[in-house]
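Heads up: the structure comes next, in structure tokens.
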Amino acid sequence: MLEIRVTEQDGVTLVEVIGRVDSTNAEQLGEALITQIEAGHTQIVLDLAGVDYMSSAGLREIVSALKRAKRSVDGGDVRIAQPSYRVREVLEMAGLDTIIQIYPTQVEAVGSY
Amino acid sequence: MIVEERRLRIPSLRERITAACDFVGEAARRAGLDERSVQHCELAVDEACSNVIEHGYGDEGAEQAIDIVCRNEGSRFSITVTDDSPAFDPLRRSDPNPIMDLDEREPGGWGIFFIKKVMDEVFYQYADARNSLMMVKFVREVPHGDLRPQSSRASITSPAPSIYAIAPHGRMDADLCPGVDMLISEQLSAGHKQLIVDMTDVEYVSSVGLKTLVSLWQRARAAKGDMVLAAVNPRVREVLEIIGLDMVFSIYPTLETAAASFASRMG
């Protein structure tokens, strides 16, 4: 089961995810992100502290959301906070560490906007 | 040699992939793989099954089956994923490029690439009208995360996931350097690009040693990684300073601070 919590903090949309992100539930994550972007909440911090496993299905949703956010009129972004080592490894394998801003803490990620 | 084999058949449904991951994870653990390798095996079977379900059978293949066989052959642990969808060799597909910009990037297409990256060997076979993808992880005597195969002249450790530290022992001269170069080159070709040269046991660096360090640093940077130095003794440091290499290399007092520097520079 994937738990997704959305909160607004200092004008930034914080999306906290808890659980395993794989092809059985990655779409839930994608939908949660797209819903926010479509509602005009395009400055997003995706907090992955509670995610101990992510397959390429999860990355696919994050990249789709990132593209949508960047294309929006107000030029949004999706930034990642506190990925575990294992999630970081997957992000690095796909080279996402070079195109997504990654922060060690939630405070830094939110403060980056 | 005792070969242990465990089999699982799942219907071609995405919601059953987690069961496949659990099955493979348990078999991998029993085969003696360390936790990181276990996670790699779970990722590999997840990606392989996802591919079959999405591209092989299509999303309507619920009545089709995927067979998963785990074999523990002592030094090798293999996972074979077999399906009845049309013949398709995923290994012939060209790899996506991790250094693409966001604009040129398709969101998906990483599954097979991940399998090739995290497993030691991958084979595809089409036989008896079935696709089989065999993914192998070598079972190392020492846990993958701690110590890799050692030579008496240099050793490799992994102080943190995806960070590798090479510690040359003795004088870094024309005699020792080819071995160090080879060890680091192997890491780079395995995609390990966050490298630390642990200089604790290096008492002297010759001009060949300096050349080797610069060349390895350049290659790590070219691969979008980095190579930093740790625990450089004062005498070696003086040599580095004389030719200005202390401005080129990041130098950390200990292995731990060097490893932490990679973590903190993400983002």
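Any read-out appearing in this document is the output of simple, stated calculations on the displayed coordinates, not a laboratory observation. Here the structure is a predicted model, which means the values were calculated and not measured. So basically every Cβ, Gly included, is an ideal-geometry build from the backbone, and we count neighbours across all protein chains shown.
What to note about this one:
- Cα gyration tensor, region A:1-60 - rounded (a/c under 1.5), prolate or oblate: prolate
- The helix-only estimate of mean residue ellipticity at 222 nm for chain B, built from DSSP H runs of length n ≥ 4 each weighted as -39500 (n - 2.57), is -10500 deg cm²/dmol after division by the residue total.
- Put simply, the amide H of B:Val197, placed in the peptide plane, has neighbours under 5 Å in B:Ile166, B:Val228, B:Leu229, B:Ala230, leaving out anything fewer than 5 places away on its chain.
- This ranking places A:Ile62, B:Ile156, B:Ile66 by how few other beta-carbon atoms lie within 10 Å of each, fewest first, which gives B:Ile156, A:Ile62, B:Ile66.
- Local net charge near B:Val205, Cβ-Cβ under 15 Å (Lys/Arg +1, Asp/Glu -1): -4
- Gyration tensor (alpha-carbon) shape descriptor, the protein assembly as shown, a/c threshold 1.5: oblate
- Fewest-first sequence of B:Thr257, A:Thr24 by Cβ atoms within 10 Å of each Cβ: B:Thr257, A:Thr24
- For B:Tyr204, the amide hydrogen comes within under 5 Å of the amide hydrogens of B:Met172, counting only partners 5 or more places away or on other chains and with H modelled in the peptide plane.
- DSSP beta bridges in region B:122-267 [antiparallel fraction, %, rounded to 5]: 45 percent
- Inter-part distance where region A:37-113 and region B:168-227 are each reduced to a Cα centre, Å: 33 Å
- Taking Cα atoms only, the orientation of helix B:207-222 departs from the longest principal axis of chain B by about 40 degrees.
- Angle between chain A longest axis and helix A:26-38 axis [Cα atoms, degrees, rounded to 10]: 10 degrees
- Number of partner chain Cβ atoms within 10 Å, mean per residue of B:103-111: 6
- Prolate/oblate/rounded label for chain A (Cα gyration tensor, a/c 1.5): rounded
- Legend: ranking of residues A:His41, B:His40 from fewest to most surrounding C-beta atoms inside 10 Å; resulting order A:His41, B:His40.
- Helix A:56-71 vs. chain A, principal-axis angle (Cα, 0 to 90°, nearest 10): 10 degrees
- Share antiparallel - DSSP beta bridges, chain B, percent rounded to 5: 70 percent
- Checking the cross-link pairs B:Lys117/B:Lys211; B:Lys117/B:Lys224; B:Lys116/B:Lys137; A:Lys67/B:Lys193; A:Lys70/B:Lys116 against a 19 Å limit on the alpha carbon distance flags B:Lys117/B:Lys211; A:Lys67/B:Lys193; A:Lys70/B:Lys116 as lying beyond it.
- Between B:Leu102 and B:Lys211, the simple spin-label model (points 7 angstrom out along Cα→Cβ) gives 4.4 nm.
- Between B:Glu203 and B:Asp89, the contour length at 0.36 nm per residue exceeds the alpha carbon distance by 35.9 nm.
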